[in-house]
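Report on the structure given below.
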Protein chains: 4
Amino acid sequence: MGRAHARAFLSARSVYVLSPAPVLDLIADQDAEQAAAAAAVLGFARSTGDWRRVVVDPDVDLVAIATPNLLHAPIALAALQAGKAVYCEKPLAATLEDATAMVAASEAAGLPTGVGFTYLHNPMIGLAREIIASGEIGEVTAFRGAHAEDFMAAASAPFNWRCEPENAGGALADLGSHIIAMARYLVGPIDAVSGRLSTVHRRRPSAGGALRDVHVDDQADAVVGFACGATGTLSASWIASGWKMGLSFQVTGTKGSIAFTQERLNELQLFSSGGAARTSGFTTILAGPEHPGYGAFCPAAGHQLGYNELKTIEVEAMLDALAGRPSASKDFRFALEVEQIADAIRRSHRDQRWVAVR
Amino acid sequence: MGRAHARAFLSARSVYVLSPAPVLDLIADQDAEQAAAAAAVLGFARSTGDWRRVVVDPDVDLVAIATPNLLHAPIALAALQAGKAVYCEKPLAATLEDATAMVAASEAAGLPTGVGFTYLHNPMIGLAREIIASGEIGEVTAFRGAHAEDFMAAASAPFNWRCEPENAGGALADLGSHIIAMARYLVGPIDAVSGRLSTVHRRRPSAGGALRDVHVDDQADAVVGFACGATGTLSASWIASGWKMGLSFQVTGTKGSIAFTQERLNELQLFSSGGAARTSGFTTILAGPEHPGYGAFCPAAGHQLGYNELKTIEVEAMLDALAGRPSASKDFRFALEVEQIADAIRRSHRDQRWVAVR
Amino acid sequence: MGRAHARAFLSARSVYVLSPAPVLDLIADQDAEQAAAAAAVLGFARSTGDWRRVVVDPDVDLVAIATPNLLHAPIALAALQAGKAVYCEKPLAATLEDATAMVAASEAAGLPTGVGFTYLHNPMIGLAREIIASGEIGEVTAFRGAHAEDFMAAASAPFNWRCEPENAGGALADLGSHIIAMARYLVGPIDAVSGRLSTVHRRRPSAGGALRDVHVDDQADAVVGFACGATGTLSASWIASGWKMGLSFQVTGTKGSIAFTQERLNELQLFSSGGAARTSGFTTILAGPEHPGYGAFCPAAGHQLGYNELKTIEVEAMLDALAGRPSASKDFRFALEVEQIADAIRRSHRDQRWVAVR
Amino acid sequence: MGRAHARAFLSARSVYVLSPAPVLDLIADQDAEQAAAAAAVLGFARSTGDWRRVVVDPDVDLVAIATPNLLHAPIALAALQAGKAVYCEKPLAATLEDATAMVAASEAAGLPTGVGFTYLHNPMIGLAREIIASGEIGEVTAFRGAHAEDFMAAASAPFNWRCEPENAGGALADLGSHIIAMARYLVGPIDAVSGRLSTVHRRRPSAGGALRDVHVDDQADAVVGFACGATGTLSASWIASGWKMGLSFQVTGTKGSIAFTQERLNELQLFSSGGAARTSGFTTILAGPEHPGYGAFCPAAGHQLGYNELKTIEVEAMLDALAGRPSASKDFRFALEVEQIADAIRRSHRDQRWVAVR
């Protein structure tokens, strides 16, 4: 993910005419030699074996964090304390307490922040948001979505850091955060949830081969209520055999609907109920220059963007925030709300009842 | 629906070589003149203005019920008492009590029954069931499904009998029963649910034009737990703008997955995790003679079946049951289970907690 | 195919309120015993071992021909001579000479005729025709289509009557006729063609197991010019591995386009260039009561029709013609045009040059 | 396109560990000031107003040409003469004579070349080629394809340089070259064609508003024969309303088939006839690290590549050729063959007969 960050900054530099242009200055890795090697390949000017040097370096304006989840909070808090803007991978932190502290620190300092909810920067999601906000599909009545992948579907898939609860592990934290963020972004605050987590593979082989108990969820499902009155379901699974990037959803409204899947990220399905029944149906819209963010990369519809370009758009949003321009950055507060919803789903599962989201 | 029944019996007669061949003998309508007219068009030998005459007629072996839901129980109970087999439209009854009584009566009498869960008779659903039962997709881990239509999406859609609670109204009862039945049929008993119902259009115009309060749900969502350990979500909506027959689901297993939508009823998507990653993915299987029930209608894959032919397959199952042959009929007990699950979802919504299904 | 005809007439009787209602009266098979057995199963009143008795029977109004292609002409000519209407499977005849004679005889006698171009009776094709005729997609600029199946893809697929040139064999005759008919029906007369036929499997096993030389085409491709100025490509293949009913085409116009495949026969894709680029794209229209012919079978969109119901619509058209009502029947003249185009493609292939049709 | 080239070189530098790493050194534009501005934005070290200085500059190893087609030949010939490798946008040249001279010069000099057939570098096309070459779909029997776009569909679309015959204008040259290249790449040499060109909009508004006669084709269609015995159709259209990047094709073989469309560039459809009929069908393969070229950009399937990344892969191939490594570059000779096929289609149209390629 660190590599993806670096490339996105490089790409942003050539795609956008940004002022000031971003410079890859100082890279840290706990292994100083690896840091130096990475600097050479990725084009950083300097490297260090200690992240603490980055956050206080006077030439650094923005700290990008792509470490294991446990380190998000200490790095971000130190950077904010030193007056740096922070761009952090999701989830914001390994605990709700840490996440809350990070929001408080960033808001107290008045510093710009951004979190890696990359899929929200897709031009087709931008279009979906415009359509919903403009009332083109009427009042939203439901959002039903999932983030389904299958990289842990096999019982033989090894135990890894994503399986550690203390590292914000589990499908809900890892993948569910994306569909929660999508729901929140498109339909607004969620105020009540009823969820169910399940662990299918209760033991997985560790690196050494021995079986290790798993205490996080392989999949999670919830019914949710939105503040606007809409209802919905949210699912997350990393054992969904066959799905590689099944971040998919349907938004229904009183006058139309939208459907999307990240496995076809350059398409949005739109139904509008106003037309003649004889020729009505879902329209497959192909990403093009009319959609927010696309035109910087390709001059015409049909060329299509890839995942890395969504990351580049995200970096542009972060740089906009840094420069004080209007920005589409998803900040720490947004990320905290996502975690609060995930936490409510976990509590609901534990207590077997509906839970209010704060 | 009465017309659909009659046509399905006629069609079954020419499609299958059945012994004995079904004869459309006696049709009832509360309006005797309409009954006579319908008899002429649909090819019944006799007609009557009183259903009570049908259920006791000595020449009648099988009573098919396609009346408003409130009449299902009295007709079925009278017919069973008179020793007739009964084929009834879904939902089985307007109340859980009536449904329970119908099951008791049919089982006490030892008479064959069938309920109109037509979508379960689709050859592609038969294939899905075979695949799941054979273990081809491993242990089932989740079923996520919905039945989404949009015929009540507009606030101006008129109040009708489906909006009457006493007539088993609401999206959950009307459409939810189909996706519940599908989940139950493919993955087995559901033992716990947490649901949420919502009514978006709280007043609808009545036939006379005056606005009438609506007390049934426009949409319902639930998280469910299956007895086998699988988890899932079930949704029903008749306000899902753009969907015409969105009975769709994904079944995931430890070794593969299945996906289906009734809007493409002749297709089943299958993923098997055993193959080489380089060429793996979901395979779109097109209905053909290899799939249960298809060959009676078309000699080759690609010709495709329509809804009415699914109804004909259902009628064949009923006639098989009547003749004492092995039968795929979905009987009263199956239908009662579906209603028990729907009832549990309603109770869960009311009490804001998880509810056990009996 | 005889069975499909009989069922379609039976189905038409219950689906439509037709006056006079069709009666299955007399069935012929060269084996009198088989004829009698078929009569019992399919519901014919009488049977015979000699088709010559059918065509002159005073109680017969309409003769339906579902024999091998070589017999189409003698039966049709005898029936027309006896004053009967004729409904014949495609291709019209085994030779262009026979087909021409059949048209002449039917037109001289002023008798209604129909040919089994079943796919043209699909409500979605009816919609496509309406859209094109109304100018909604502007002036048609191209039709590109194919009929691809794979039942002869394997070298081991046995030699059968479709492989006999004297029986109008080959992929162009068998399948190409469908896509030619579609092009002709939607875009109008074709006046020039340049084609290429190819035989991939030059020997196939006969019933006895011995290899037999094949002299017909496995696939055919042509570039064509329409009288209206549009251009196009037409392909036919029975060795197209993976396609089961790949009758598919795109029609482009100056203001929009249509796309269709028979493998999803209840869908039509429509693009109209008038809308805002931001939300434009192909709309997937699902068959419903708004489309010609659908409403007789299902009350709402999404239920979907199957192949046999297209056949029933075709029979209705034939019965309309018989009763003197306006009819959508594709008559002998239409079928002759289709064969003339196929013949021109064969001549073009032989002579390696463009050929005018007629 | 120049911008796309520059970005692709920059991207290649961070994506691949290349030795030597490419440096953006000297950029030319006929307007020296624009050249200087572009250098600053795109990251070139130097700029010039005269391309002749680039081709002889001692520090330049590789000349990339993204000029109007008329300039391809003079720049490439000068660069080759000066001993530089050349990377040129398609089409190779404005005339077949120029293209032939360019091949001769490059081969005489023994210098590496590359041409911008970007779509061939898609990992899914790489997979298709592997599948075909390995015999997984048996002997190829047909390739049917098209490149359909709609940017010239409206009669009001302005006359531009693509409409000038002397600048290699027309849909066949502009878009047809892509589908010809694809056919050639996947199935091998084409040796005979029969084509038809058509101009629908015979006058288009010029920049000044006056109508200007159009002498190039809006669409072209051909039946083709491959040296391997396969047959096919090729179409090109820039008036195909609704298609944005409709580079699509089907390859059929005796044991399987492949289908693809660039509008879903991260997917390949594969049918293999070996499996059980009950579960056979087209499998939708999603691009992933198992496919050639993908892994450099994304670590897992489902992330997806965009057009610009295909360009980056193309640049890597060029740099491989420059460094003497095995390379997937599509060289001048390949590009010449594409033009020879297009030329044969034009001659066939003119002479109304089949034409041999070369």
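The values are calculated or read from the model by the stated rules, or taken from the named source; none is laboratory data. It should be emphasised that the depicted structure is a prediction, and the values quoted were computed from it without experimental measurement. Methodologically, a virtual Cβ is constructed for each residue, glycine included, from the backbone with ideal geometry; neighbour enumeration extends over all protein chains shown. Just the protein is used for accessible areas: all its heavy atoms, side chains included, with ligands, DNA and RNA removed. Shrake-Rupley method; radii C 1.70, N 1.55, O 1.52, S 1.80 Å.
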Residue by residue, what Karplus-based ³J(HN,Hα) values in Hz, rounded to whole numbers, does segment B:151-163 have, using 6.51, -1.76 and 1.60 with θ = phi - 60° and x for Gly and Pro?
-> 5, 10, 5, 6, 4, 7, 4, x, 4, 9, 4, 5, 8
May I ask you to report, in nm to one decimal and beginning with the shortest, the distances from A:T100 to the same position in the other copies, taking label points 7 Å along Cα-to-Cβ?
-> 4.6, 8.1, 9.2
Report, by chain and number, residues whose modeled amide H sits under 5 Å from the one on C:R212, excluding near sequence neighbours (fewer than 5 apart, same chain).
-> C:R204, C:S206
Along segment D:19-26, what does the Karplus equation 6.51 cos²θ - 1.76 cosθ + 1.60 (θ = phi - 60°) give for ³J(HN,Hα), rounded to whole Hz, x for Gly and Pro?
-> 10, x, 6, x, 10, 7, 9, 9
Which distances, in nm and shortest first, link the B:S206 label point to the same label point in every other copy, taking 7 Å along Cα→Cβ?
-> 7.1, 7.3, 7.9
Dipole of chain A (Lys/Arg Cβ +1, Asp/Glu Cβ -1, origin at the Cα centre): which of A:A300, A:P68, A:A79 lies farthest to the positive side?
-> A:A300
A:S273 accessible area, assembled protein chains, probe 1.4 Å, Å² | 60 Å²
Options D:T113, D:V17, D:P58, ranked by Cα towards positive dipole end of segment D:2-118, top entry (Cβ charges) = D:V17
Which lysines have a Cα less than 25 Å from the Cα of A:K84, not counting those fewer than 8 places away in the same chain?
-> A:K311, A:K330
Expressed in square angstrom to the nearest 10, the accessible area of A:H5 with a 1.4 Å probe stands at 10 Å²
P(r) histogram, all alpha-carbon pairs of segment C:118-268 included - 10 Å bins from 0, percent = 12, 39, 30, 15, 5, 1
Spelling it out for D:A192: with amide H atoms placed in the peptide plane at 1.01 Å from N, the residues 5 or more places away or on another chain with amide H under 5 Å from its amide H are D:G225, D:V357
In Å², rounded to the nearest 100, what is the total accessible surface buried by chains C and D against each other with a 1.4 Å probe?
-> 3000 Å²
For A:W243, solvent-accessible area (1.4 Å; no DNA, RNA or ligand), Å² | 50 Å²
Descending accessible area (1.4 Å probe), largest on the left, turns C:V214, A:V200 into A:V200, C:V214
Excluding C:D174 itself, what net charge comes from residues whose Cβ is under 12 Å from its Cβ, given Lys and Arg +1 and Asp and Glu -1?
-> -3
Ranking by accessible area, most exposed first, for A:E267, A:E139, B:E136 with a 1.4 Å probe | A:E139, B:E136, A:E267
If you project the alpha carbons of chain D onto the principal axes, what extent comes out on each, in Å, largest first?
-> 65, 51, 39
Just tell me, in residue order, which DSSP H segments of chain A are both 18 angstrom or longer along the helix axis (alpha-carbon based) and at least 0.5 in mean Kyte-Doolittle hydropathy.
-> A:96-109
accessible surface per residue for segment C:180-238, probe 1.4 Å, DNA/RNA/ligands not counted, whole Å² -> 31 Å²
Computed magnitude of the charge dipole of the protein assembly as shown (debye, nearest 20; Cβ of K, R +1, Cβ of D, E -1) | 0 debye
Rg and Dmax of segment D:190-320 over Cα atoms: what are they, in angstrom?
-> 19.8, 63
Please calculate how many Å² of accessible area segment B:2-118 carries per residue, with a 1.4 Å probe and no DNA, RNA or ligand atoms counted.
-> 44 Å²
If Lys and Arg each add +1 and Asp and Glu each add -1, what is the summed charge of the other residues whose beta carbon sits under 9 Å from the beta carbon of B:M245?
-> -1
Out of the DSSP beta bridges found with both residues in chain D, what percent are antiparallel (nearest 5)?
-> 70 percent
So what is the 222 nm mean residue ellipticity for the protein assembly as shown from helices alone, if each DSSP H run of at least 4 adds -39500 (n - 2.57) and you divide by all residues, rounding to the nearest 500 deg cm²/dmol?
-> -10000 deg cm²/dmol
Size of the dipole of chain B about the Cα centre, Lys and Arg at +1 and Asp and Glu at -1 on the beta carbon, nothing else charged, in debye to 20?
-> 640 debye
Quick one: which bits of segment C:213-234 get at least 20 Å² less accessible when the partner protein chains are in, versus the chain alone, with a 1.4 Å probe?
-> C:Q219, C:D221, C:V223, C:T231, C:T233
Mind checking which lysines have their C-alpha under 22 Å from A:K255, skipping anything on the same chain fewer than 8 residues away?
-> B:K244
Beyond 65 Å, what share of the Cα-Cα pairs of the protein assembly as shown remains, rounded to the nearest whole percent?
-> 14 percent
Over the Cα atoms of segment A:2-118, what is the Rg over Rh ratio if Rh follows Kirkwood?
-> 0.95
Search the structure for amide H atoms under 5 Å from the amide H of C:T67, placed 1.01 Å from N in the peptide plane, and list their residues when 5 or more places away or on another chain.
-> C:E89
Radius 12 Å from Cβ of B:A4, net charge of other residues (Lys, Arg +1; Asp, Glu -1) = 0
Rank these residues by their accessible area, most exposed first, probe 1.4 Å: D:L211, D:L265, A:L24, B:L71.
-> D:L211, B:L71, A:L24, D:L265
